[in-house]
Amino acid sequence: MDNMGNKDSLFFAIKGCYEMVENIISEPKVEGSSVSNKISPEGIKLYNQLANQFNANYSEQKLYIFNEQTTPNQVTHPKAQEVLFQLKYAIDIMGHKIIENKKINKVFISHSSNDKHYGSAIVKLLRGIGLKREQIIFTSDEDYGIPINEDIFDYLKTQINGSAYIIYLLSDSYYNSIPCLNEMGAAWIIQNQYTLIAIPDFDFTNSNFINGAINPRRIGFKMNNEKRIVEFKNIISKEFGLDIDEADWNRVLKAYLTDIISTSGIV
């Protein structure tokens with residue numbers, strides 16, 4: 001099956017899962033105060049069968065919708081609601097029509113909130129290169145995050161599309177975050193252009209990275225690697241048609257590296 005066929009199959013599989021999980025959640029709860037928030041045994045059995053089947057058939061896509069955190073032996077309604085939420089998110093992302101060869105006009109920094117200080121350093125770097133505020137999406141900073149009165153996932157699903165260049169800010173915290181991994185899966189589906197940047201103490205031999213959705217053979221770099229940062233600047237400058245004076249760039253780079261050393265303590 002070709003790539004588009006795989007994506008169509010995955011899309012309809014997720015829609016089917018959404019309907020089934022919704023039915024499981026809406027079924028009558030088990031009687032008794034100690035288990036009032038539990039799904040019935042029949043519902044648990046169906047839920048876990050669904051999770052196993054989905055993961056077996058679509059493990060390559062690495063969407064992380066069903067995982068050990070959301071498919072325990074006793075599935076509570078809150079956990080099932082979280083899976084339902086992630087399914088809805090995946091449906092919305094995949095249902096968003098992709099325009100082929102759409103011109104890139106923004107950078108989306110996919111990150112864990114635990115790494116917001118590192119993300120802020122990347123934002124300053126991008127601004128120094130010449131990107132405008134409205135061309136950067138970084139949800140841990142109100143100035144670059146979700147506009148007021150916007151639904152966070154409605155907003156993000158319109159941003160993670162063919163027009164967004166993705167920066168994956170990799171860390172152990174990133175791989176422990178289900179929303180981050182679903183952002184990664186969504187971007188994989190839409191095939192965004194991307195760069196892998198890791199916090200200074202991240203290990204690229206990490207099994208989560210090697211077995212994840214993005215290609216582990218794609219060259220990434222640690223954010224305190226000066227040579228790679230210069231290469232990254234050249235990529236962004238070319239992609240967005242920017243031209244920064246060499247003296248200005250040297251000041252931006254020095255400030256960036258100083259920021260990273262201050263945050264990480266690693267030279």
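So is Lys238 free of Cβ contacts under 8 Å to residues at least 12 places away in the same chain and in a helix (DSSP H, G or I) or not?
Numbers: free of Cβ contacts under 8 Å to residues at least 12 places away in the same chain: yes; in a helix (DSSP H, G or I): yes.
It is true that Lys238 is free of Cβ contacts under 8 Å to residues at least 12 places away in the same chain and in a helix (DSSP H, G or I).
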Requested in this report: Within region 194-203, work out how many residues are touching a residue at least 24 places away in the same chain (Cβ under 8 Å) and more than 15 Å from the chain's Cα centre (by Cα).
Outcome: 4
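Rule-based calculations on the coordinates, nothing more; no lab input. Please read all numbers here as calculations on a predicted model, not as lab measurements. Note that each Cβ is placed from the backbone with ideal geometry, even for glycine, and that neighbours are counted across all protein chains shown.
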